[in-house]
1. Explain nothing, just the number: relative contact order of the range 188-263, from Cα pairs under 8 Å at least 6 residues apart, as a whole percent.
2. May I ask for the distance between the Cα centers of the range 553-572 and the range 428-451, given as a whole number of Å?
3. For a quick check: sort 520, 452, 432 by the number of other beta carbons within 10 angstrom, fewest at the front.
4. Using 1/(1 + (r/R0)^6) with R0 = 22 angstrom and r between the beta carbons of residue 185 and residue 461, what's the FRET efficiency to the nearest 0.05?
5. R0 = 41 Å: FRET efficiency of residue 496 with residue 310, Cβ-based, nearest 0.05?
6. Using a Förster radius of 41 Å, what is the FRET efficiency between residue 417 and residue 248 based on their Cβ-Cβ separation? Nearest 0.05, please.
7. Going by how many other Cβ atoms sit within 10 Å of their own, how do 175, 219, 424 line up, fewest first?
8. Determine the distance separating the Cα centre of the range 456-535 from the Cα centre of the range 351-425; give it in Å without decimals.
Ligand code: FES
């Protein structure tokens, strides 16, 4: 085995080595910190305020057992955690902060390998961004989805059914009391959202990138096999350190293209675009928005999972899991990228039967053909915008309508249900001020609610365009991530109510019927500009000053590119 990184802390007779060893012993075996045993940090996003990750302390214990069994020394390393449903104003504002803090702690500590425990939406992306930056051997343990909850005899999908039931309550088809009654049934226990939302999507993406033990993603949080696989992961990371198998060896450009195919095949969340771009950016791989369209748009959705389909993550696992699904598109995957085990992903895609074809559709008769994420461009989105056709109304994918513009989330909420709002089912709802800089933090508000008066007429979908993101559990004909955003001077900030907007997904176009001269002559109105008050202190100021646009992953500009694990100075 090569000299361990931790040996730089622990080997020697000088004062610094003395201090490092002496303070760490505290009951550890004599040889635990002798510079020869791999020191494994379990980067743990468990937090009582991240309900989807609360169980990860128990998972960490299983990882620890595995690390000890393989001859390593495990350490619990609590890291910044983000509860998607809890933190205000939006968890995305803190993803880069979490990733930056993790990166610094991974580098600063005497660590040879990392086990990354994540689950809730932003946690796996932040962990992978940090591990990619430091580039020491690392492996993901995905915390797993919840068991399915039921309400009045029907399965409830976390998130997706909140959106559906709240719209039904606004439309008057269920009572407010019934809506609130369902709240008790939504969350059945440990784990993350059980739809193919962002957490499930990023677990599958991590597996397709090669960063989990193959077959791990989608293992339910309550399933005993989650703990067995966590134990195995603990053993594996010790082997990975010995082999010096690093994130940059695993997460190659081709591995990202595989992840894009996997996300498309499961009908995964649009949020995966900003997360995969940001992770790839940390490795300097040159992944672009167009790679998503080129690699993923033609991939059929075979997972009949909410929000695109009917079932939930429990059902996917029962039907054979993500590997059974991926084995059906094996020919679309690059064969070379290796996984954390050292063997290529495609080696794990043989003899993977599908046990329920109502959950994992055959490739020949998929849930939806050509339904990966599509990238739209035009004079409304010169840098690009995205749409997930699998979650949209097919008839609205080609559409011309007049804009109804909202300058902020607050403006939208104040006016959307106004009976006097001039809007029809053919209108295009435009929301701005919700990009990385504008909100700031790019919240999941792109699936804005439909006007009540249209809901009451039976309308259930409309074209919606914004510089925001959308929850991975949401659905609708929703065009997102418009770049540049309005607050960065993008043309979205110049659109006015009544302008004619054309959406042409087939030809990947998104345009407003204004000439270049007309656009140049326009200036954002005072209300638009007032919505972007610049923060003056703290993380939010750093973020707004340095965050990049959605088309490059919304990371901070100074965090792009790997910075490695070296620490050259210390002082005691
Ligand atoms: Fe945590 Fe959905 S809120 S995964």
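1. 40 percent
2. Each part's Cα centre sits 32 Å from the other's.
3. The most exposed by this proxy come first: 520, 452, 432.
4. 0.30
5. 0.55
6. 0.20
7. Ranked by crowding around the Cβ, least crowded first: 175, 424, 219.
8. Value for the Cα centre distance between the two parts: 13 Å.
Bear in mind these aren't lab numbers, they're just calculated from the coordinates by the rules spelled out. Computed from a predicted model, the values in this text were never measured in an experiment. Positions of Cβ are backbone-derived with ideal geometry, glycine not excepted, and every protein chain shown enters the neighbour counts.
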